[in-house]
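The values are calculated or read from the model by the stated rules, or taken from the named source; none is laboratory data. Computed from a predicted model, the values in this text were never measured in an experiment. With ideal geometry, Cβ positions are generated from the backbone for all residues, glycine too; neighbour counts draw on all protein chains shown. All accessible areas refer to the heavy atoms of the entire protein, side chains included, with ligands and DNA or RNA removed. Shrake-Rupley method; radii C 1.70, N 1.55, O 1.52, S 1.80 Å.
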Amino acid sequence: MELHSQNIRCTIISPGAVATELPESSSEESDQKESAEFYKMAAPAGSIASAIAYAIEQPDEVESTKLVIRPTAQDF
């Protein structure tokens, strides 16, 4: 809000589960299995990128203040 007078917009991007290498990054096998199961419904990274592009492409007089992006199948 402090930068509105300078025509600088800000958008909070809150992604849900995104298909990345995260499920394989844990050193604990049980954590890897649990994460892999949860991330089966993860959205492709390209979907998140499209949502970010949407916020950027808005006209100068429009501000998207918050985008919550998650897979349709994700409950929370």
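Observations on the structure shown:
- Flag for Val68 being outside any loop (DSSP other than H, G, I, E, B), under 20 Å from Met1 (Cα atoms) and not small (Gly, Ala, Ser): yes
- Failed item in (1) farther than 27 Å from Glu2 by Cβ; (2) among the charged types (D, E, K, R); (3) assigned to a loop (DSSP other than H, G, I, E, B); (4) modelled with pLDDT of 85 or more, with Asp75 passing the rest: (4)
- Region 56-69 residues that are farther than 15 Å from Cys10 by Cβ and open to solvent by 50 Å² or more (accessible area, probe 1.4 Å), paired with ones that are part of a loop (DSSP other than H, G, I, E, B) and not aromatic (Phe, Trp, Tyr) (beta carbon under 8 Å, 6 or more apart): Val68/Gly16
- One residue stands out among those in region 14-32 that are under 19 Å from the mean Cα position of the chain (by Cα) and open to solvent by less than 60 Å² (accessible area, probe 1.4 Å): the one that is nearest to Val62 (Cα to Cα), which is Ser14.
- Residue check for Ala73: hydrophobic (A, V, I, L, M, F, W, C) and open to solvent by less than 60 Å² (accessible area, probe 1.4 Å): no
- Condition check for Ser35 on (1) touching a residue at least 40 places away in the same chain (Cβ under 8 Å); (2) surrounded by 12 or more Cβ atoms within 10 Å (Cβ to Cβ): one failure, at (1).
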